[in-house]
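The values are calculated or read from the model by the stated rules, or taken from the named source; none is laboratory data. The structure displayed is predicted, hence computed values, not measured ones. Virtual Cβ from ideal backbone geometry, glycine too; neighbours counted across all protein chains shown. Just so you know, the surface numbers come from the protein's heavy atoms only, side chains and all, with ligands and any DNA or RNA stripped out. Shrake-Rupley method; radii C 1.70, N 1.55, O 1.52, S 1.80 Å.
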Amino acid sequence: MRCSGGDRRGLNVLACCSALILLLVFVVFPASALNATFFVAENGSSYHASLEIEEASEYRFEKPGVLGEKVPAEYGNVSLYYTNGTEASFEDKGRSIEFEKGNYTVGYDSAIDNHNLQLIFDDRYNISVYLPPVFDVRNPLLGMVSTGGEVISGAEVSENGAGSVDGAGDETLSSTGSGYDGLRIDWVKRTYAEIRFYDSFQEKILMIFGSLWLVVAVVFLVPYMMTRRRKG
């Protein structure tokens with residue numbers, strides 16, 4: 001028995017609607033992202049990274065270049081763990097590490113230039129950057145957080161995730177379940193993240209500089225206004 005023309009048109013409309021619904025599901029509810037966590041050192045010169053990778057046999061250490069392109073990044077203190085927490089072996093290739101294909105967590109240390117941390121990924125990541133209490137990003141004249149970043153004060157740090165780095169390759173883990181005194185900046189499902197942070201000394205210098213300019217403006221503006229008033 002053959003379907004009539006009206007029935008065929010109805011089936012076509014139903015198929016198109018189904019396809020649109022599936023497309024909307026993938027757009028509105030995309031696949032879950034991996035997790036990447038970064039702990040900035042107390043002196044702001046380096047960070048320790050811990051990030052998940054899936055179905056991979058190689059990890060390249062890269063950072064954004066001047067034009068946003070990927071360039072090799074310096075690294076040290078590399079670790080590789082299976083999803084069950086046991087340590088995995090790898091071969092260091094100079095700019096990357098190679099290992100048996102699978103799912104892992106990669107850890108490493110890397111340098112930060114001029115308090116400007118830039119991160120770039122091949123896949124979408126849920127990114128968290130932990131800043132020690134000596135640094136801040138919330139003054140727009142000194143700090144910056146890239147699009148989508150949420151600044152959280154006094155974030156809770158899990159016992160197996162807390163850490164700080166005194167220098168590249170020198171990690172000091174802290175096991176504390178108490179509140180974190182610094183800042184945490186979060187991004188959800190991003191392939192790029194950036195922060196520019198500053199310390200209290202830089203903020204004081206900005207306030208002094210701004211106060212000096214205000215005094216100079218008053219010194220020159222008041223006589224000018226008084227002269228105009230006399231002429232009027």
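The residues of segment 28-159 expose on average 54 square angstrom of accessible surface per residue, using a 1.4 Å probe on protein heavy atoms. Here the 3J(HN,Hα) profile of segment 116-130, calculated from phi with Karplus coefficients 6.51, -1.76 and 1.60 at θ = phi - 60°, is 10, 9, 10, 10, 9, 9, 7, 10, 6, 10, 8, 10, 10, 10, 9 Hz, Gly and Pro shown as x. Amide H contacts under 5 Å for Leu183: Leu131, restricted to partners 5 or more places along the chain or on a different chain, H placed in the peptide plane at 1.01 Å from N.
Of the peptides 195-203, 128-136, 59-67, the ranking by mean beta-carbon count within 10 Å, highest at the top, reads 128-136, 195-203, 59-67.
With the simple model of a label 7 Å out from the Cα in the direction of the Cβ, Asp123 to Glu150 spans 2.2 nm. Here the Karplus relation 6.51 cos²θ - 1.76 cosθ + 1.60, evaluated at θ = phi - 60°, turns the backbone of segment 102-110 into coupling constants of x, 9, 9, 10, 9, x, 6, 10, 8 Hz, with x for every Gly and Pro.
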